[in-house]
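The values are calculated or read from the model by the stated rules, or taken from the named source; none is laboratory data. If you're wondering where the values come from, they're calculated on a predicted model, not measured in any experiment. No Cβ is skipped: glycine too gets one built from the backbone with ideal geometry, and neighbour counts run over all protein chains shown.
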Amino acid sequence: MTTHPTIAQVVLDTTDARGLAEFYRQVFGLEYRDGDEPPPAGEPDENGRDWLVLRNPGGVQLAFQQVDEQVESTWPEQRVPQQLHLDTSVGSKEELDAQHERVLALGGRLRFDRSDDPQEPLRVYADPAGHPFCIFVA
């Protein structure tokens, strides 16, 4: 019998690991892996300087790797391609619209809007570090 690896997590490079982790924690309602939580106010954030993991019970985790430089995707303009993006879904157009407001309030930026498509309404955003992600109705 052949076995295969299991995808454990998607890792996003960023110049602000804590900031990007917080964005996705709030967007998707995820929780930090034990020990990766933010430190109390005023204390140094040792973990946030290197690597953080957000747990997703029943799904793929997200991890954030601190890097010195990050080139932001320019998609849909092709100068700097997406390279990777996250596909996420909601159950209705109303939920898509509600999530749109949340994502913008948390610092996401709208890159593409096809929310009026009767077959598959969707919006594509850039996170604060410029990684694209989609929310579509499925």
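Among the residues of the range 1-51, those identified as surrounded by fewer than 16 Cβ atoms within 10 Å (Cβ to Cβ), in contact with a helix residue (DSSP H, G or I) (Cβ under 9 Å, 6 or more places away or on another chain) and over 19 Å from H131 (Cβ atoms) are E31, G35, E37, P38, P39, D45, R49. The residues of the range 24-57 that are within 29 Å of D113 (Cβ to Cβ) and part of a loop (DSSP other than H, G, I, E, B), listed by number, are G29, L30, N56. Residues considered: G58, G42, G35, G48. Of these, the only one that is outside the structural domain of H131 (by TED's automatic domain parsing), more than 21 Å from V103 (Cα to Cα), modelled with pLDDT under 95 and touching a Lys or Arg at 6+ places or on another chain (Cβ under 6 Å) is G48. Selection of the range 1-25 for residues being within 17 Å of D50 (Cα to Cα) and of a type in the set (V, I, T) yields V10, V11, T14, T15. Within the range 42-92, the set of residues being over 18 Å from R111 (Cα atoms) and among the basic types (K, R) comprises R49, R55.
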